[in-house]
Amino acid sequence: MKKVLLACVALMMLCAFSNNQPVRIFMVGDSTMANKDTTGGKQERGWGMVFNEFFNDDVYISNHAVNGRSTKSFIDEGRWQKVLDQLKPGDYVIIQFGHNDEKKNDPKRYTEVGGSFDNNLRRYINEARQKGALPILLNCVARRNFKPAESKIIDDEGLRDKVFEGSEDLKGGGDKLVDTHGAYREVPRAIAEEMKVPFVDANKVTSDLEQGLGVEGSKKLHMIYAPGECPAYPKGRQDNTHYNQIGARIVAGLLAIEIGKQVPELKRHLK
């Protein structure tokens, strides 16, 4: 009888422990999602860096996104394997790439639409599923671009060295947001449909946000500071890709809502 009671107590403790396990969300992507250095008053933030603010304490978020990475370089550098090694059944994996896959001048990062870009996304999904995890696919967020599309590929990482341009920021532009990603924003949707995984159109969410705020208002989302406006950037900054604290929180909040719509199990954990 004593052994039976001990077994029952052990089972109850195990069940209680299991029920208290957090919901785990892993994030893989590029600089628009990544954690940033905040020392010295630096203002840049990836939306994944503040994503946890929109969930209750039952959710644990592990952000593995890194500046400048593509679907290819994230794998080649062993970063994806480090995530796979931690995945357990029931975990979620948010996957968002595209900004750096389109850089034709960089063979370490470039992937082809209809080829390696598509196949890499399939690999992320398949390998996450093999671990029992649940992948969620997002496309790339929009750049704040109100100029006609340029032929050269935008060097997002180089924007951190670009000083404030003032009125030049608007030269030759209009009041309509212009897409810079082309097919790289469409492929994730097609792959998500093909492989039956949740898809969030982060590009539309952020494009609507940028367009809604307009040419001037959308500056408040990004790393755009006039000389002397922010002590961390005495010469100013002109970066239409990366978010500041305001932009990251707004984008993270909007994407949390959209992810909740696509994944009801996560919606109940939203604040």
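So if I place +1 on the C-beta of Lys and Arg and -1 on the C-beta of Asp and Glu, and nothing else carries charge, what would the dipole magnitude of the chain be about its Cα centre? I want it in debye, nearest 20. The partial results should precede the final answer.
On the way: 40 positive and 37 negative charges, 174 e Å.
So the dipole magnitude of the chain works out to roughly 840 debye.
Partner lysines whose Cα lies under 19 Å from the Cα of residue 204, excluding those fewer than 8 positions away in the same chain, are identified as 147, 176, 219, 220, 261.
Taking the stretch 15-118, how many lysine pairs are there with alpha carbons less than 18 Å apart, if each pair must be eight or more places apart or span two chains? Display every interim value, and only then the final one.
Details: 72/82; 72/103; 72/104; 72/108.
Close lysine pairs found across the stretch 15-118: 4.
Expressed as a whole percent, the accessible surface of the stretch 178-271 that belongs to carbon and sulfur atoms is 56, based on a 1.4 Å probe. Look at the dipole of the chain built from charges on Cβ: of 60, 40, 187, the Cα furthest out on the positive end belongs to 60. Computed from label points 7 Å out along Cα-Cβ, the spacing between residue 35 and residue 130 is 2.7 nm.
I'd like to check one number: the per residue accessible area of the stretch 101-160, probe 1.4 Å, reported in Å² as a whole number.
Details: 2880 Å² over 60 residues.
On a per-residue basis, the stretch 101-160 sits at 48 Å².
Think of the chain as a dipole: +1 on every Lys or Arg Cβ, -1 on every Asp or Glu Cβ, centred on the Cα centre; then among 70, 126, 95, 126 lies furthest on the positive end. Using the Kirkwood radius over Cα pairs, work out the Stokes-Einstein diffusion coefficient for the chain at 20 °C and 1.002 mPa s, in µm²/s as a whole number. D = 108 µm²/s. Size of the stretch 98-233 from its Cα atoms: along the principal axes, largest to smallest, the extents are 51, 32, 31 Å. Largest GNM mean-square fluctuation across 145, 244, 20, computed for the chain with C-alpha springs under 10 Å, falls on 20. Between residue 105 and residue 58, the C-beta separation translates, for a Förster distance of 35 Å, into a calculated FRET efficiency of about 0.20.
Each of residue 178 and residue 270 was given a label point 7 Å from its Cα along the Cα-to-Cβ line. The distance between the two points is 3.4 nm.
Accessible area of the stretch 12-158 with a 1.4 Å probe: how many percent of it is carbon plus sulfur?
Details: 3290 of 6690 Å².
The C+S portion of the solvent-accessible surface of the stretch 12-158 is 49 percent.
The values are calculated or read from the model by the stated rules, or taken from the named source; none is laboratory data. Remember, predicted model here, so these are calculated numbers, not experimental data. Ideal geometry is used to build each Cβ from the backbone, glycine not excepted, and the neighbour counts take in all protein chains shown. Side chains included, ligands, DNA and RNA excluded: accessible areas come from the protein's heavy atoms. Shrake-Rupley method; radii C 1.70, N 1.55, O 1.52, S 1.80 Å.
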